[in-house]
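This report refers to the structure that appears directly beneath it.
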Amino acid sequence: MDSISLTRLVRMKRERQRIACLTCYDATFARLLESAGVEVLLVGDSLGNVLQGHGSTLAVTLNDMVYHSACVARAISAPLLIADLPFLSYATPAQAIESARRLMGEGGARMVKLEGGSQLLDAVRRLSDFGVPVCAHLGLLPQSVHRLGGYRYQGRDAEAAERIRADALALEQAGATMLVLECVPALLAAELSQMLSLPVIGIGAGADCDGQVLVLHDMLGASVGQPRFSRDFLTGHSGGLRGAVAAYVAAVKAGSFPGSEEILF
Ligand code: KIV
Ligand code: NA
């Protein structure tokens with residue numbers, strides 16, 4: 001597989017070929033995911049929950065992210081590697097630049113992701129001006145869990161939906177080249193996927209996004225109490241781990257994941 005460029009993902013969006021993305025935190029799974037055809041690997045700060053046992057992503061440090069990103073980067077050749085900027089590592093444009101320098105320089109990431117809307121426009125502009133591809137993240141923002149008051153669906157009333165719409169447009173204009181939409185109503189995610197030129201990757205955001213992402217441990221049935229919008233692709237299926245990941249990729253491509261029972265709003 002050739003190295004998967006952002007240009008290729010934008011072309012996939014235009015041609016309505018869905019993009020398969022999963023989180024990944026280590027070299028062994030990185031190789032497995034690449035061999036099963038996953039196009040985008042996200043070193044998510046969900047590693048705070050999944051690997052470190054915290055109740056949120058807030059304790060994850062930039063050093064943690066650099067370490068796991070480097071583990072994944074060493075193992076892959078084709079997939080696009082995105083790494084999360086952790087909590088408060090991008091509160092100013094200067095801090096965002098320095099954090100991205102480490103994630104891309106030492107961590108080998110090819111894109112960085114940050115959570116939030118209008119407060120990030122200067123940072124996104126600056127990163128983008130200096131050659132850093134930026135993935136935005138709207139809807140449920142796990143780094144803001146204490147402000148949001150829990151892990152809940154976002155954008156369910158007209159005013160909240162309008163804020164997400166406006167933030168998405170502003171982020172794209174500021175230079176964001178990809179967008180993760182987490183836990184927003186399927187209709188809103190479908191509308192944004194049509195409205196924006198950048199690829200929109202959904203999680204708990206319905207089937208009509210340009211791509212899907214799940215937390216690896218959830219879709220392998222390894223998490224106790226996995227979210228209702230996720231699916232266990234391993235239990236009861238044959239083909240082992242690679243088969244489970246390949247089944248996820250196939251379901252994303254066919255538009256059969258998420259199905260109606262995994263679309264909550
Ligand atoms: O950290 C993470 O795993 C994420 C995905 C859920 C999008 O940000
Ligand atoms: Na994250």
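Taken over segment 50-62, the criterion of being touching a residue at least 60 places away in the same chain (Cβ under 8 Å) and surrounded by 21 or more Cβ atoms within 10 Å (Cβ to Cβ) is satisfied by THR57 alone. Cβ-Cβ contacts under 9 Å between residues 6 or more apart (or on different chains), taken from a first residue in segment 21-49 that is on the phi < 0 side of the Ramachandran plot and more than 14 Å from ligand 1 (Cβ to nearest atom) to a second residue that is assigned to a helix (DSSP H, G or I) and basic (Lys, Arg), are listed as ALA27/ARG74; ALA30/ARG74; LEU32/ARG242; SER35/ARG242; ALA36/ARG242; GLU39/ARG8. What about ALA91, is it part of a loop (DSSP other than H, G, I, E, B) and farther than 29 Å from ALA190 by Cα? Against the criterion (part of a loop (DSSP other than H, G, I, E, B) and farther than 29 Å from ALA190 by Cα), ALA91 qualifies.
Buried (at least 19 other Cβ atoms within 10 Å of the Cβ) and without any contact (Cβ under 8 Å) to a residue 24 or more places away in the chain: is that true of PHE233 in this structure? Answer is yes for this residue. The conditions of being more than 16 Å from ligand 2 (Cβ to nearest atom), among the hydroxyl-bearing types (Ser, Thr, Tyr) and farther than 25 Å from GLY206 by Cα are not met by THR7. Restricting LEU114, LEU103 to those that are closer than 15 Å to PHE87 by Cβ, within 15 Å of ligand 1 (Cβ to nearest atom) and touching a strand residue (DSSP E or B) at 6+ places or on another chain (Cβ under 6 Å) reduces the list to LEU103. Against the list (1) surrounded by 16 or more Cβ atoms within 10 Å (Cβ to Cβ); (2) without any contact (Cβ under 8 Å) to a residue 40 or more places away in the chain, the condition VAL184 fails is (2).
So that you can scan it fast, the table gives a plain yes or no per residue for (1) aliphatic (A, V, I, L, M); (2) in contact with a Pro (Cβ under 8 Å, 6 or more places away or on another chain); (3) closer than 24 Å to HIS146 by Cα:
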residue: ARG8; (1), (2), (3): no, no, no
residue: LYS13; (1), (2), (3): no, yes, no
residue: ASP45; (1), (2), (3): no, yes, yes
residue: HIS54; (1), (2), (3): no, no, yes
residue: LEU58; (1), (2), (3): yes, no, yes
residue: VAL72; (1), (2), (3): yes, no, no
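Counting just the residues of segment 144-165 that are farther than 25 Å from VAL60 by Cβ and free of Cβ contacts under 8 Å to residues at least 24 places away in the same chain, which one comes out surrounded by the most Cβ atoms within 10 Å (Cβ to Cβ)? The extreme case among them is ALA160.
With of a type in the set (A, V, I, L, M, F, W, C) and more than 15 Å from ligand 1 (Cβ to nearest atom) as the only criterion, which of ALA70, ALA83, ALA59 stands out?
Result: ALA70 is the single residue among ALA70, ALA83, ALA59 that is of a type in the set (A, V, I, L, M, F, W, C) and more than 15 Å from ligand 1 (Cβ to nearest atom).
Take the conditions buried (at least 17 other Cβ atoms within 10 Å of the Cβ) and free of Cβ contacts under 8 Å to residues at least 40 places away in the same chain and apply them to GLN226. Does it pass? Criteria met by GLN226. In this structure, does PRO93 turn out to be crowded, with 23+ Cβ neighbours inside 10 Å and in contact with an Asp or Glu (Cβ under 6 Å, 6 or more places away or on another chain)? Against the criterion (crowded, with 23+ Cβ neighbours inside 10 Å and in contact with an Asp or Glu (Cβ under 6 Å, 6 or more places away or on another chain)), PRO93 does not qualify.
Which residues, counting only those in segment 128-144, are closer than 18 Å to MET111 by Cβ, within 14 Å of ligand 2 (Cβ to nearest atom) and part of a helix (DSSP H, G or I)? Selection gives GLN143 alone.
All of the numbers you see were taken from the coordinates with simple rules; none came from a lab. What you are looking at is a predicted structure, and each value in this text was computed from that prediction instead of being measured. Note that we place each Cβ from the backbone using ideal geometry, even for glycine, and neighbour counts take in every protein chain shown.
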